[in-house]
Amino acid sequence: MSAKWPNWLPIRKDLATLTPYGAPQVNAKVRLNTNENPYSLSRELQESLTSAIKRELADLNRYPDRDAIKLRTDLANSLRDETGLTLEANSIWAANGSNEIIQSILLAFEGAALGFEPSYSMHPLITKVVGKNWVSIARTADYEVTKNEIELAIKSDDAKIVFLTTPNNPTGNSTDISLIEKLAGGLMSRGALLVVDEAYAEFSSQPSAITLLGSYPNILVSRTMSKAFAFAGARLGYLVADRKVIEAIELVRLPYHLSSLTQAAARAALANRGALQIDVKRLSESRDQLAKALGELGLTVYASDANFILFGGFRQSAEELWRNLLDKGVLIRDVGLAGKLRVTIGTEDENRAFLVALKQSVRG
Ligand SMILES: *Cc1c(COP(=O)(O)O)cnc(C)c1O
């Protein structure tokens, strides 16, 4: 048993050695470490959120709509605009962030879970927390998922839940839709699910895996309003999947898990999504500029389809450079990859501040 826990505490043995999710919450002037949208909601949007929430207050003595039907209908309509596909509320599920979506999937379906690493650290962590085994398949040296890795995943018979993050966090690259289709087909034939984590889809130039749902009912697409939608504080994630998948998720959800305030706020944000799309475009342009500037400093830059960039090729260790930047008031992310750091795209001022601090650190 780990020394961390006292003897009187009957903590589960399989949890005792784990560490909780923890992006350091330090006070820095420029915070570019958790991939949030740096632009806060506009005045107009803040006002329509306030009115929407206000309308709920008289009914706060009552439980919320357990099935969040209106919100799921709005999400379906918003996705129809994005993909051109007709989706119904019964093929959408909504929860408190996509992490809750991931947990529900892992609670509802049997077998081990598998992922292509490095990738999002919560996939293996939640897998272990619910008591399942985690199977790791290494991405290539360039962090790609190719035919080889896909064949390995299809052959991993124990894994009934396969995670693929695209664009991938923390590396930023996307997996081609034809490879996703191949993976889904292989998994379908042995009764396994493919969970495509599209937390950064709005920043990507690739088509969404939602477009494959009609042919492969074993695809589950997980999305979030935390990144592109500038809504991380409100906690709203959603799942797009076959209605039988959604029915299975309903078995494991907690009653009234999504508060009426969250449902109302998310609906108001969706009604104003046009304004957010402008920010997404601006962030994608800033990303390309920042990637170019990092390249000009002689650093190794990984091509990104998301709102962050992974880079390496500096002479210090990742820990040292991370600390140097923090001393200069800029917080970025050490993702545990040797010699590499990840920076979230901020406002233009924040990106400039990061570049100034970085230049001093890598040259100084
Ligand atoms: C940020 C992130 C999420 C989780 O977002 P929520 O805030 O819980 O919706 C899920 N997957 C990936 C890959 C992420 O980077």
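The values are calculated or read from the model by the stated rules, or taken from the named source; none is laboratory data. These numbers come from a predicted model, not from an experiment. Please note: Cβ atoms are built from the backbone with ideal geometry, for glycine as well, and neighbour counts cover all protein chains shown. Just so you know, the surface numbers come from the protein's heavy atoms only, side chains and all, with ligands and any DNA or RNA stripped out. Shrake-Rupley method; radii C 1.70, N 1.55, O 1.52, S 1.80 Å.
A few remarks follow.
- Scan of segment 72-94 for residues that are within 16 Å of residue 235 (Cα to Cα) and open to solvent by 20 Å² or more (accessible area, probe 1.4 Å), ordered by number: none
- When we screen 290, 270, 258 for residues that are in contact (Cβ under 8 Å) with a residue 60 or more places away in the chain, more than 20 Å from residue 96 (Cβ to Cβ) and open to solvent by less than 20 Å² (accessible area, probe 1.4 Å), the only hit is 290.
- Verdict on residue 285 being away from the ligand (no atom under 15 Å from the Cβ) and farther than 28 Å from residue 205 by Cβ: no
- Residues of segment 149-171 satisfying the condition of being over 13 Å from residue 216 (Cβ atoms) and either open to solvent by less than 10 Å² (accessible area, probe 1.4 Å) or within 13 Å of the ligand (Cβ to nearest atom) (or both): 150, 153, 159, 161, 163, 165, 166, 167, 168, 169, 170, 171
- Members of segment 315-353 found to be surrounded by fewer than 22 Cβ atoms within 10 Å (Cβ to Cβ), part of a loop (DSSP other than H, G, I, E, B), in contact with a strand residue (DSSP E or B) (Cβ under 8 Å, 6 or more places away or on another chain) and at negative phi, listed by number: 334, 335, 337
- Residue that is farthest from the ligand (Cβ to nearest atom), among those in segment 55-107 that are outside any helix (DSSP H, G or I) and aliphatic (A, V, I, L, M): 58
- Cβ pairs under 6 Å, 6+ apart, first in segment 223-235 and β-branched (Val, Ile, Thr), second within 9 Å of the ligand (Cβ to nearest atom): 224/98; 224/199; 224/237
- Sole exception among (1) within 14 Å of the ligand (Cβ to nearest atom); (2) closer than 19 Å to residue 48 by Cα; (3) surrounded by 18 or more Cβ atoms within 10 Å (Cβ to Cβ) for residue 233, by number: (3)
- Within segment 182-207, the set of residues being open to solvent by less than 10 Å² (accessible area, probe 1.4 Å) and either polar (S, T, N, Q) or away from the ligand (no atom under 16 Å from the Cβ) (or both) comprises 183, 184, 187, 192.
- Pairing residues of segment 15-29 that are part of a loop (DSSP other than H, G, I, E, B) with residues that are exposed (fewer than 12 other Cβ atoms within 10 Å of the Cβ) and of a type outside the set (A, V, I, L, M, F, W, C), at Cβ distances under 9 Å and at least 6 apart in sequence or on separate chains, gives 16/2; 16/4; 17/2; 17/4.
- For segment 264-297, the set of residues classified as farther than 30 Å from residue 311 by Cβ and touching an Asp or Glu at 6+ places or on another chain (Cβ under 7 Å) consists of 264, 267, 270, listed by residue number.
- Selected residue [within 15 Å of the ligand (Cβ to nearest atom) and either in a helix (DSSP H, G or I) or not basic (Lys, Arg) (or both)] from 215, 174: 174
- Selected residue [open to solvent by less than 50 Å² (accessible area, probe 1.4 Å), within 30 Å of residue 63 (Cβ to Cβ), in contact with a Leu (Cβ under 8 Å, 6 or more places away or on another chain) and of a type outside the set (A, V, I, L, M)] from 302, 238: 238
- The residues in segment 95-121 that are hydrophobic (A, V, I, L, M, F, W, C) and open to solvent by 30 Å² or more (accessible area, probe 1.4 Å) can be counted, and the count is 3.
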